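Take a look at the structure set out below.
Every number here is computed from the coordinates shown, using simple stated rules; none is lab data. None of the values given here were measured: they were computed from a predicted structure. Positions of Cβ are backbone-derived with ideal geometry, glycine not excepted, and every protein chain shown enters the neighbour counts.
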Amino acid sequence: MGDTLGEADLREGLLRGGRIEAAVVVARRDPDGGVDHVPYLLPSWRRGYVAIALFRGPGVRGWRDLDRLLRFLRDDMSYKLPVSLYEEDCPRLARLRSVLPRGATTKHVKADESPLPPGVDLPEPPPE
C-alpha cells in the first residue's frame with residue numbers, strides 16, 4: 001500500500017524541522033478476527049501519505065492495540081492533530097489514493113463521491 005518510510009527517517013525529518021501534517025489509520029482485519037492498525041502519515045517533506053516500513057523485511061508496521069498506536073503518534077512523533085480511522089474496505093479511502101495499493105480505486109475499492117455526513121471530516125493534504 002502506497003509508499004513507505006522508515007521510522008528512523010521519520011524521526012530524522014522531524015528533527016530537521018519537518019512535521020506530520022495528517023494521520024490516517026487503516027484497520028486491517030485478519031481471517032482470525034484480529035485487527036492490525038496501520039498508520040499512514042503525511043510528512044511535510046514528502047508528497048503523499050507514507051506507511052512506516054518494517055525494520056527488517058518487506059511490509060508495513062501495524063499495531064494491534066490502538067491505544068499504543070495513538071501514544072506512539074502523540075508522544076514519539078509529536079502529532080497532536082486528529083487521527084482518522086478507516087476500515088480497509090471503506091469507500092472513503094479511495095479519496096486518499098496514496099494510502100491505497102496501485103490500481104485499488106478501480107479494482108478493490110469503488111470511490112464514493114457522496115457528501116460526507118455532518119460532523120465527519122476527511123483530512124486533506126495542505127496546499128502546496
On a full-extension model of 0.36 nm per residue, what is the gain between Leu85 and Asp9, subtracting their alpha-carbon distance, rounded to one decimal in nm?
25.0 nm
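Where does each of Trp63, Trp45 land when they are ranked from fewest to most other beta-carbon atoms within 10 angstrom? Could you put the intermediate results ahead of the total?
Details: Trp63 19, Trp45 14.
Ascending Cβ contact count within 10 Å gives the list Trp45, Trp63.
Excluding Ala51 itself, what net charge comes from residues whose Cβ is under 9 Å from its Cβ, given Lys and Arg +1 and Asp and Glu -1?
On the way: positive: Arg61; negative: Asp3.
Counting the neighbours of Ala51, the net charge comes to 0.
Viscosity 1.567 mPa s, temperature 4 °C: give me the Stokes-Einstein translational D for the range 1-88 in µm²/s, with Rh taken as the Kirkwood radius over C-alpha pairs. Before the final figure, lay out the partial values.
On the way: Rh = 13.2 Å.
So the translational diffusion coefficient is about 98 µm²/s.
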Most exposed first, judged by fewest Cβ atoms within 10 angstrom, Ser78, Ser84 run Ser78, Ser84
Say the dipole of the range 3-104 comes from +1 at the beta carbon of Lys and Arg and -1 at that of Asp and Glu; which of Gly48, Leu70, Val60 then lies farthest toward its positive end?
Gly48
Return the distance in nm (one decimal) between the two label points of a simple spin-label model at Leu54 and Phe72, each offset 7 Å from Cα along Cα→Cβ.
1.3
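How big is the dipole moment of the range 3-104 about its Cα centre under a simple scheme where the beta carbon of each Lys and Arg is +1, that of each Asp and Glu is -1, and everything else is neutral? Debye, nearest 20, please.
Numbers: 18 positive and 15 negative charges, 79 e Å.
Charge dipole, the range 3-104, about its Cα centre: 380 debye, nearest 20.
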Which of Phe72, Phe55 has the fewest Cβ neighbours within 10 Å, and the rest in rising order:
Phe55, Phe72
